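Step one of this worksheet: look at the structure below.
The values are calculated or read from the model by the stated rules, or taken from the named source; none is laboratory data. Everything quoted here is computed from the prediction, not taken from an experiment. Note that each Cβ is placed from the backbone with ideal geometry, even for glycine, and that neighbours are counted across all protein chains shown.
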Amino acid sequence: MKKDIHPENYRFVVFQDASCDYSFLTRSTVETKDKIKWEDGKEYPLYKLDISDKSHPYFTGQQNLVDTAGRIEKFNKKYSISDSSEKK
């Protein structure tokens with residue numbers, strides 16, 4: 001195995017999914033300034049995730065439905081567009 005090719009700053013880091021309040025502790029080299037107290041009572045660096053396997057639709061099997069009809073009605077109301085538009 002080659003020497004001096006791997007990073008030296010491996011440490012325990014808590015990754016937290018903000019969308020579903022899920023956290024896990026693992027080793028990483030990610031840089032972060034935030035810290036959090038973990039279940040074992042020790043303080044670890046915290047890295048916040050937007051999405052993880054606990055919140056991603058592919059892994060959860062749940063699809064987020066978008067109300068497109070409501071969005072269209074909101075657009076029409078905002079710009080005062082009537083449903084029965086007159087053609088000239």
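Only residues that are within 22 Å of the chain's Cα centre (by Cα), surrounded by 10 or more Cβ atoms within 10 Å (Cβ to Cβ) and part of a loop (DSSP other than H, G, I, E, B): list them for the stretch 1-21, please.
Ala18, Ser19, Cys20
Among Pro57, Pro45, which is the only one that is surrounded by 10 or more Cβ atoms within 10 Å (Cβ to Cβ), modelled with pLDDT of 80 or more and not basic (Lys, Arg)?
Just a single option satisfies the conditions, and that option is Pro45.
Scanning the stretch 22-38 for residues that are among the aromatic types (Phe, Trp, Tyr) and either over 16 Å from Leu49 (Cβ atoms) or part of a loop (DSSP other than H, G, I, E, B) (or both) gives a single hit, Trp38.
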